[in-house]
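Written out below as structure tokens is the structure these notes cover.
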């Protein structure tokens, strides 16, 4: 079994929830994003997830998402996460354990929150610990994971999915998007198709290109969008990057835990090591 720690950079390319306000209907909802939920099909072991980083604002009105605790095979799948299988494993586990939404149309900003929700609701009893090194007292310690440990980056109140970025240098109008799981693999698929190409592509630029919905209401291929970005004025590029960072949402790559040795509040990198999904269990 291979343990992997995902860095903040890798994670970015990758509480017991409380009820929130009613979902808000976006201007142009994706009609096929969700499937109608029949409560008789959900089962007693499925519980509603009432809060998400997106606050359900970018899903069709009335969207309800249900999930159940993880099963042994799903825990084993998650404990085997590495850079090569990360997206596939996460998506497969979500498809098995979540109801009420087409997983391909789930927002990337929500998917990791749901994975952590599944983890928290699988090991609800106390005593299931994960090892970490305290950066305050420099000793080995353990923590018991709770949703409250996470720093959730919620959607901003003024976020407009139909908002336009007016570029000062070119005069172009840019529309961006929040990626779905289906769209998340565009960059990986692009690099796979072009791995024998003589061109060397900057993955950060490709990621930004993937987040742009249209230029002057025209949709471009990922390659054309990449070429558009690398040839734009750096001032315009800085404006796009600032906008995307400002309206980012999801899970912060750093979470806060309490050290059992010194009692201090330590910062720990969000991790997908095998012992996070198969933690140490109490013996009595």
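The values are calculated or read from the model by the stated rules, or taken from the named source; none is laboratory data. What you see is a predicted model, and the numbers here were worked out from it, not measured in a lab. Here Cβ is always computed from backbone atoms with ideal geometry, including for glycine, and neighbour counts include all displayed protein chains.
Looking only at residues of the stretch 74-94 that are touching a helix residue (DSSP H, G or I) at 6+ places or on another chain (Cβ under 6 Å) and under 11 Å from residue 277 (Cα atoms), we find that the one that is surrounded by the most Cβ atoms within 10 Å (Cβ to Cβ) is 81. Could you check the stretch 42-73 and list, in sequence order, the residues that are surrounded by 14 or more Cβ atoms within 10 Å (Cβ to Cβ), in a loop (DSSP other than H, G, I, E, B) and over 16 Å from the mean Cα position of the chain (by Cα)? Once the filter is applied, which keeps residues that are surrounded by 14 or more Cβ atoms within 10 Å (Cβ to Cβ), in a loop (DSSP other than H, G, I, E, B) and over 16 Å from the mean Cα position of the chain (by Cα), the stretch 42-73 yields 46, 60, 63, 64, 68, 69, 70. Tell me, please, whether a residue that is in a helix (DSSP H, G or I) and within 22 Å of residue 110 (Cα to Cα) can be found in the stretch 253-266. Scanning the stretch 253-266 turns up no residue that is in a helix (DSSP H, G or I) and within 22 Å of residue 110 (Cα to Cα).
Within the stretch 104-131, the residues that satisfy the criterion of being more than 17 Å from residue 249 (Cα to Cα) and not in a loop (DSSP other than H, G, I, E, B) are 104, 118, 119, 120, 121, 122, 129, 130, 131. Out of the residues in the stretch 145-165 meeting the condition of being touching a strand residue (DSSP E or B) at 6+ places or on another chain (Cβ under 6 Å) and modelled with pLDDT of 95 or more, tell me which one is surrounded by the most Cβ atoms within 10 Å (Cβ to Cβ). Across the stretch 145-165, the extreme among qualifying residues is 165. Consider residue 28 carefully, then state whether it is farther than 25 Å from residue 247 by Cα and either modelled with pLDDT under 95 or surrounded by 19 or more Cβ atoms within 10 Å (Cβ to Cβ) (or both). No: the conditions fail for residue 28. Count of the stretch 132-144 residues, restricted to those that are surrounded by 14 or more Cβ atoms within 10 Å (Cβ to Cβ) and not in a loop (DSSP other than H, G, I, E, B), is 4. When you check residue 103 against the structure, is it under 25 Å from residue 257 (Cα atoms) and in contact with a helix residue (DSSP H, G or I) (Cβ under 7 Å, 6 or more places away or on another chain), yes or no? For residue 103, the condition - under 25 Å from residue 257 (Cα atoms) and in contact with a helix residue (DSSP H, G or I) (Cβ under 7 Å, 6 or more places away or on another chain) - is not met. Among residues of the stretch 169-192 that are within 27 Å of residue 84 (Cα to Cα), those with a beta-carbon under 8 Å from a residue that is loosely packed, with under 15 Cβ neighbours inside 10 Å at least six positions away or on a different chain give the pairs 183/177; 187/203; 191/203.
Screening the candidates 249, 225, 255 for the property of being surrounded by 12 or more Cβ atoms within 10 Å (Cβ to Cβ) and modelled with pLDDT under 95 yields one hit, 255. Looking at the stretch 184-203, is at least one residue part of a helix (DSSP H, G or I), in contact with a strand residue (DSSP E or B) (Cβ under 7 Å, 6 or more places away or on another chain) and closer than 22 Å to residue 155 by Cα? No - not one qualifying residue is present in the stretch 184-203.
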